[in-house]
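Below is one structure; the comments refer to it alone.
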Amino acid sequence: MNLSTFLQLCVATAIFIGAASSAKLWSLSPSLGRLIFTMVLYVIGNLLMLRLLRQIGMATAFSITAVLQLVAVNLVAILVFGERVGLAEGTGIVLAIAGVALITFAPQLGR
């Protein structure tokens, strides 16, 4: 993966974090404007993901962005919204990170 692709993954993740945060704010105080803003962010993030699918493939793109979002969304939920992660959820987050590390950085066997 080159630097440009990595930066695109980071931008997509940032957009999805903004969308998730906006969705949380909408759930606390629903409004049509906030709902539209949230949906626009999700659409932009998914359009960027379509570009990444071409560059690095579906399995890699979705695996990496899923874990980046998982970690980032949990940090926002904990640090900004004061939510808590239990032992089972925390274990799942660690296992997901380990799984994507294997997918992304392990030698490509059989290729």
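Here, each number is a calculation from the coordinates, and none is a lab measurement. Keep in mind that this is a model prediction, so the values were computed, not measured. Glycine also receives a Cβ, built like all others from the backbone with ideal geometry; neighbour counts cover every protein chain displayed.
For the stretch 2-48, name all the residues that are of a type in the set (G, A, S) and in contact with a Leu (Cβ under 8 Å, 6 or more places away or on another chain).
Taking the stretch 2-48 as the starting set, the residues that turn out to be of a type in the set (G, A, S) are 4, 12, 14, 18-23, 27, 29, 31, 33, 45.
Within the stretch 2-48, A12, G18, A19, S22 qualify.
What helices (runs of 4 or more DSSP H) lie completely within the stretch 1-104 and have 3 or more residues being surrounded by 11 or more Cβ atoms within 10 Å (Cβ to Cβ) and of a type in the set (G, A, S)?
Values: elements: 3-28, 32-56, 58-79.
Helices (runs of 4 or more DSSP H) meeting the threshold: 3-28, 58-79.
Of everything in the stretch 45-58, what is more than 21 Å from N74 (Cα to Cα), touching a helix residue (DSSP H, G or I) at 6+ places or on another chain (Cβ under 7 Å) and among the hydrophobic types (A, V, I, L, M, F, W, C)? Give them in sequence order.
Residues satisfying the conditions are L48, L52, L53, I56.
A61: without any contact (Cβ under 8 Å) to a residue 40 or more places away in the chain and of a type outside the set (F, W, Y), yes or no? Steps first, answer last, please.
Numbers: without any contact (Cβ under 8 Å) to a residue 40 or more places away in the chain: no; of a type outside the set (F, W, Y): yes.
Judged against the criteria, A61 is not a match.
Got a number for residues in the stretch 14-42 being aliphatic (A, V, I, L, M) and either in contact with an Asp or Glu (Cβ under 6 Å, 6 or more places away or on another chain) or more than 17 Å from N74 (Cα to Cα) (or both)? Step through it out loud before you land on a result.
Initial filter on the stretch 14-42 (aliphatic (A, V, I, L, M)): 14-15, 17, 19-20, 23, 25, 28, 32, 35-36, 39-41.
Now restrict to residues that are either in contact with an Asp or Glu (Cβ under 6 Å, 6 or more places away or on another chain) or more than 17 Å from N74 (Cα to Cα) (or both): 28, 32, 35-36, 39-41.
The total comes to 7.
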